[in-house]
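Everything on this sheet refers to the single structure shown next.
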Amino acid sequence: MADPLHQFVINPLVPINVAGLDLSFTQSSLWMMITVAAAYGLVMLGTKHAALIPGRLQSVVELAYEFIAGLIKDNAGREGMRYFPAIFTLFMFILFGNMLGLVPMAFTFTSHIIVTFAMAITVFVLITALGFAIHGAHFAHFFVPAGAPKAMIPLLVPIEIISYCVRPISLSVRLFVNMMAGHMMLKVFAGFVTALGIFGFAPLAVTVALLGFEVVVAFLQAYIFTVLTCIYLHDAIHMH
Amino acid sequence: MADDDHDRAFADLDQRIRAARDQREAVGKGDGADRNQSKLNFGTGLTVGIELVVGVVAGVGLGLALDSWLGTRPFLTILLFLLGTAAGMLNAWRHLVRIGMVDPHGGKGDGQDRGSG
């Protein structure tokens, strides 16, 4: 039976080695470029002939815009709309990466923790910098819970700081675990199809159901990543 | 003639859009509760689990790293294990408050306020 972990192996397509650093163009890089091209192409094609009554493609783009705009207004407030381009890009990148990863023979780069962690740590560093830029040194008060007794503060501040600093870890682990587990499960059940011969229809049915489930997960995880980014943005802008 | 038709069609367009929006908002209230409900069932278990595990693992990892660097083994590991666990619980708790599953003001937390958060 096929090794369910084999699909996550990174294969260099164009080996590049600069001063001992492996900068190879891999199939992961290729799929990231395909993702960017697909997302960019959809938005550009959808807004090419901006009509009062939108066609199908324009409707999709407008739906995506309104979905993210609503998400930001609900979770980060109106001030958050300044950061709409970044959040919209993040959402489209993760969504398209997850969805394109479900195409047979495709590579899911969101199933690698280094990719999700790079996105999460970028969000974390930028939002923390934004918090200090808006509030100055006052942002440090974010780590002191309001209304806590003075004697508890030496205990509560480290807990608050740790709980703040693990945010990028939980953000990236959540996306990576969901994508990797889903793809492994698909592969395991797909492996049973050939192994069971004539009775392979049973795991085949499970695989079809799982694939539908994975489409939901792909959207949901992109949504959760974006919502949490908005919530962290809210914390940086409003400090509660 | 066609232009007249268009003008007439557009004359009450604003009104019609407003009526449709009001109607959708009225329906949307019910939808919102439903959406929160499904969010509660679907991602909650895994999300809260990950928050708890990440807190503990990050605390212990940081503690071990600091201990081997400062040579204070095992005190910082123990301390940061406890703090990390607390931080993980805090994150899990905040997530549950955010989705409206528990009342942050010391209510019974019996799910009475589900969907409000």
Expressed in square angstrom to the nearest 10, the accessible area of residue A:165 with a 1.4 Å probe stands at 70
Hey, can you grab everything whose amide H is under 5 Å from the amide H of residue A:25? Only 5+ residues off in sequence or another chain; H modelled, so Pro and N-termini drop out. A:13, A:14, A:16
Give me the three principal axis extents of region B:43-106 from the C-alpha atoms, as integers in angstrom, largest value leading. 44, 24, 10
Karplus-derived 3J(HN,Hα), 6.51/-1.76/1.60, for each residue of region A:221-226, Hz, glycine and proline x: 5, 5, 5, 5, 4, 5
To the nearest 100 Å², how much accessible surface do chains A and B cover up together, summed over both, with a 1.4 Å probe? 1700
Residue B:17 accessible area, nearest 10 Å², 1.4 Å probe? 70
Projected-area average for the protein assembly as shown over all orientations - Cα convex hull basis, square nanometres: 27.5
Pairs of Cα atoms farther than 26 Å apart, region A:1-109, %: 38
What part of the accessible area of the protein assembly as shown, given as a whole %, is carbon or sulfur when the probe is 1.4 angstrom? 69
From phi via Karplus (6.51, -1.76, 1.60), per-residue ³J(HN,Hα) for region A:6-13 in Hz, x at Gly/Pro: 4, 5, 8, 5, 8, 10, x, 8
Convert each backbone phi in region A:158-172 into a coupling constant with the Karplus relation 6.51 cos²θ - 1.76 cosθ + 1.60 (shift: θ = phi - 60°), then list the ³J(HN,Hα) values in order as whole Hz, x for Gly and Pro. x, 5, 5, 5, 5, 5, 6, 6, 7, 4, x, 5, 5, 4, 6
Accessible area per residue for region B:43-106 in Å², computed with a 1.4 Å probe and the full protein assembly in place, what is it? 53
Considering only protein heavy atoms, with the full assembly of protein chains and a 1.4 angstrom probe, order A:163, B:68 by accessible area, largest first. B:68, A:163
Can you pull the accessible area of residue B:97 for me, 1.4 Å probe, Å² to the nearest 10? 40
So what is the accessible area of chain A per residue, in Å², with the probe set to 1.4 Å? 54
Residues of region A:148-163 losing 50 Å² or more of accessible area relative to the isolated chain, 1.4 Å probe, heavy atoms only? A:159, A:162, A:163
Let me check something: with ligands and nucleic acids excluded, how do A:105, A:119 order by accessible area (1.4 Å probe), largest to smallest? A:105, A:119
Accessible area, 1.4 Å probe, largest first: how do B:101, A:239 sort? B:101, A:239
Defining a contact as two alpha carbons under 8 Å apart and six or more residues distant in sequence, what relative contact order in percent does region B:43-106 show? 37
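The values are calculated or read from the model by the stated rules, or taken from the named source; none is laboratory data. Keep in mind that this is a model prediction, so the values were computed, not measured. We work out accessible area using only protein heavy atoms, side chains counted, and drop any ligands, DNA or RNA first. Shrake-Rupley method; radii C 1.70, N 1.55, O 1.52, S 1.80 Å.
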